[in-house]
Structure formats: structure tokens, C-alpha cells
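> Take a look at this one; I'll ask things after.
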Amino acid sequence: MSEFETLLFTVEENVAVITLNRPERRNAMNSELNRDLVAAFNQVAADETVRAVLVTGAGKGFCAGADLTLFQPIPTPEQIYDTILANYQPMMTTLLAMKKPVIAAVNGVAAGAGASLALACDLRVMADDASMLMAFSNIALVPDAGATWLLARLVGYSRAYEIAIEGQRVRAERCLELGLTNKVVPANQLLEISMAWAKNLAQRPTLALGLTKHALQFAQINDLSATIEYEARLQKQTIPSHDFMEGVMAFMQKRPSHFKGK
């Protein structure tokens, strides 16, 4: 078990639970939290016993975005540029590269970079009283932390632009309609339902799930022919796996599969 300054980190039944733990600041992001998230993601990626990941926030909110105390005094443009690259680029790229399914359990508000964090997870479960907020335009800023990349891919250009420039909360049910979340559940059951989903995924063939993630990411920026070739390359990795043989044998023997995640 590892200790982090701004996170709670536990592992239960092959599921790593990463909880943003700055509740007094609604889990707003600062340099320490960003560094802890990168370290936690790297630790999870390297741990073969972890086969699924759950990310959530302590207290009343998932993540309020950037900690605005960092803007006092107002930084220079060069400082802002350096801060965005240093804080968000490693966090987002490490998360998106994770070869394990990652679920965000969104409680309260996921705002700004906090919304980007949730959207970068593979799957999202939102409490029925939760919301997402891109408030950048309200203070004359451009969305950052990968928000434009993620929004455009999830909801298309026009919807993404609307969400970005209106600066209004998008309630959980509307997020479900738009495809920003997979499920909306009662707030008092958020962690229970999210954890049950994560535990179910942790019993699935982890290698195949991770490679499927990468295949879909590849498909978003490549043509059909290149994607088929990439799928073929990935299949070369799944065919020799224990879980492929187990899946075939279980099918032939008409029994449940017992995957080991490799």
C-alpha cells in the first residue's frame, strides 16, 4: 500500500481505488495532486494484480478544477504555459495510456480540469445530483487539460463548442443524453454501483480490454485500412494469451471463463 499526500489509495479485489483527497478545496488540482495522480497511475499500470481502476473524489465534489489560489498573484503567460504542460500533460497521457479499464465515479461537480480527468477515464458513472462544468469562458480562458480534445471526440464539434462557450453546468441526466457519462445512479449508491462495475471488469480478460482501448483510440485518428492493420497487430498479442485459451476452452466446455488478466 502506498501513501500519497493528496490521494487515498486502496486495492480491493483487484480494483485500485484512487480518491482525490483535498475535500476542503473540493479536490481542486494543484501541483502536488497532479504529481500524485501521475505516480498513482504509473503504480497501477505496473501492478499486475490490479485489473481495473476506480477514480473518485472525497467529500462533496469530484474535482473543482485548477486550484485558483495558484493564480494569486496572476502568473505571467509563460508561467501559465509551463504550468499547463507540467501539470496536465503527464497526468492525461499517463491515464489514457493505461492498459486497464478506468471508471470515474463522479460525485458533486467535475469542473474544468476535473471534468477533463473524468472524461479521460474510459467509463463514467455520475451521481444523479452531479454535474460537469467547463467554466473557462466565464473568466475569459480557453479550455485546457485536454478538454477540447476529449469533448470533441465524445460529443462532436458543435456540442463541444456549446458546452465550452456557454460555461453552464451540465447536469447528470443531460450528460447521459449527450454521451458524457455511461450511467446515472442515486447519489447514495454511487460508490457501491461503481465499485461493483469495476470488480466485474477486474474479472474480465485484462489484456484484451486494454488493447481494445488502444484500438479505439487509434481508430479515432486513422483511416479504416490502417485501423484494420492495427487490430491485426493487436490480435497477435491476444492469441498467445492465457485468457484467450481459457475463453475458448470455457466456450467449448459450456462453463464460465476464469480469466487471469494475462
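Derivation of every value follows stated rules applied to the coordinates shown; laboratory data play no part. Here the structure is a predicted model, which means the values were calculated and not measured. Every residue, glycine as well, gets a Cβ built from its backbone with ideal geometry; the counts of neighbours run over all protein chains shown.
> If the limit is 22 Å between Cα atoms, which of LYS100/LYS199; LYS213/LYS236; LYS60/LYS213; LYS199/LYS260; LYS100/LYS236; LYS99/LYS260 go over it? Numbers along the way, then the final one.
Values: LYS100/LYS199 12 Å; LYS213/LYS236 16 Å; LYS60/LYS213 30 Å; LYS199/LYS260 13 Å; LYS100/LYS236 18 Å; LYS99/LYS260 15 Å.
With Cα atoms farther than 22 Å apart: LYS60/LYS213.
> Right, next: Cα to Cα, under 12 Å, and not fewer than 8 places away if on the same chain: which aspartates and glutamates meet these conditions relative to LYS254?
By straight Cα distance, LYS254 reaches GLU246.
> Only Lys, Arg, Asp and Glu count, each charged at its Cβ (+1, +1, -1, -1), so figure out the dipole size of segment 155-262 about its Cα centre, rounded to 20 debye. Don't skip to the end; give the middle numbers.
Numbers: 14 positive and 10 negative charges, 92 e Å.
Dipole of segment 155-262, to the nearest 20 debye: 440 debye.
> Here's a follow-up. Springs between alpha-carbon atoms under 10 Å, Gaussian network over the chain: tell me which of VAL125, VAL11, VAL102 tops the mean-square fluctuations.
Its mean-square fluctuation being the largest, the pick is VAL11.
> Can you pull the Kirkwood radius for the chain, inverse mean 1/r over Cα pairs, to one decimal in Å? Each step should come with its number before you reach the end.
Values: mean 1/r = 0.0520 Å⁻¹.
About 19.2 Å, per the Kirkwood formula over Cα pairs.
> Now for a different question. Arrange the following residues from fewest to most other Cβ atoms within 10 Å of their Cβ: ILE74, ILE80. Before the final figure, lay out the partial values.
Values: ILE74 7, ILE80 15.
Ranked by crowding around the Cβ, least crowded first: ILE74, ILE80.
> Moving on to the next point. Taking Cα atoms, how many degrees apart are the long axis of helix 31-46 and the longest axis of the chain, rounded to 10 and kept between 0 and 90?
That works out to roughly 0 degrees.
> How tilted is helix 242-253 with respect to the longest principal axis of the chain? Cα atoms for both, answer in degrees (0 to 90, nearest 10).
Between helix and principal axis, roughly 50 degrees.
> Shifting gears a bit: Of the residues GLU12, GLU32, GLU78, which exhibits the maximal mean-square fluctuation in a Gaussian network model of the chain defined by a 10 Å Cα contact cut-off?
Taking springs between Cα atoms under 10 Å, the residue moving most is GLU78.
> Let me ask you something else. Kindly state, as a whole number, the per residue volume in cubic angstrom of the convex hull around the alpha carbon atoms of segment 2-119.
On the way: hull volume 10.9 nm³, N = 118.
Per residue, the Cα convex hull of segment 2-119 comes to 93 Å³.
> Using the scaling law 2.2 N^0.38 Å as the reference, what is the normalised Cα Rg of segment 114-262?
Values: Rg = 18.9 Å, N = 149, 2.2 N^0.38 = 14.7 Å.
Its radius of gyration relative to the 2.2 N^0.38 Å reference: 1.28.
> Work out the length of the dipole vector of the chain about its Cα centre, built from +1 on the beta-carbon of each Lys and Arg and -1 on the beta-carbon of each Asp and Glu, and round it to the nearest 20 debye. Don't skip to the answer; put the middle values down first.
Working: 24 positive and 26 negative charges, 155 e Å.
With only Lys, Arg, Asp and Glu charged at Cβ, the dipole is about 740 debye.
> Using only Cα atoms, tell me the angle between helix 190-202 and the longest principal axis of the chain; keep it within 0 to 90° and round to the nearest 10.
That helix lies at roughly 40 degrees to the long axis.
> Which Cα, out of ALA164, VAL142, THR69, lies furthest along the positive dipole direction of the chain (beta carbon charges, K/R +1, D/E -1)?
Most positive-ward Cα: ALA164.
> Mean-square fluctuation check for the chain, GNM, Cα pairs under 10 Å: which of ALA86, ALA226, ALA208 is largest?
Answer for the Gaussian network model of the chain: ALA226.
> If amide hydrogens are placed 1.01 Å from N in the peptide plane, which non-local residues have theirs closer than 5 Å to the one on GLY57?
Those lying under 5 Å, H to H, from GLY57 are LEU20, ASN107.
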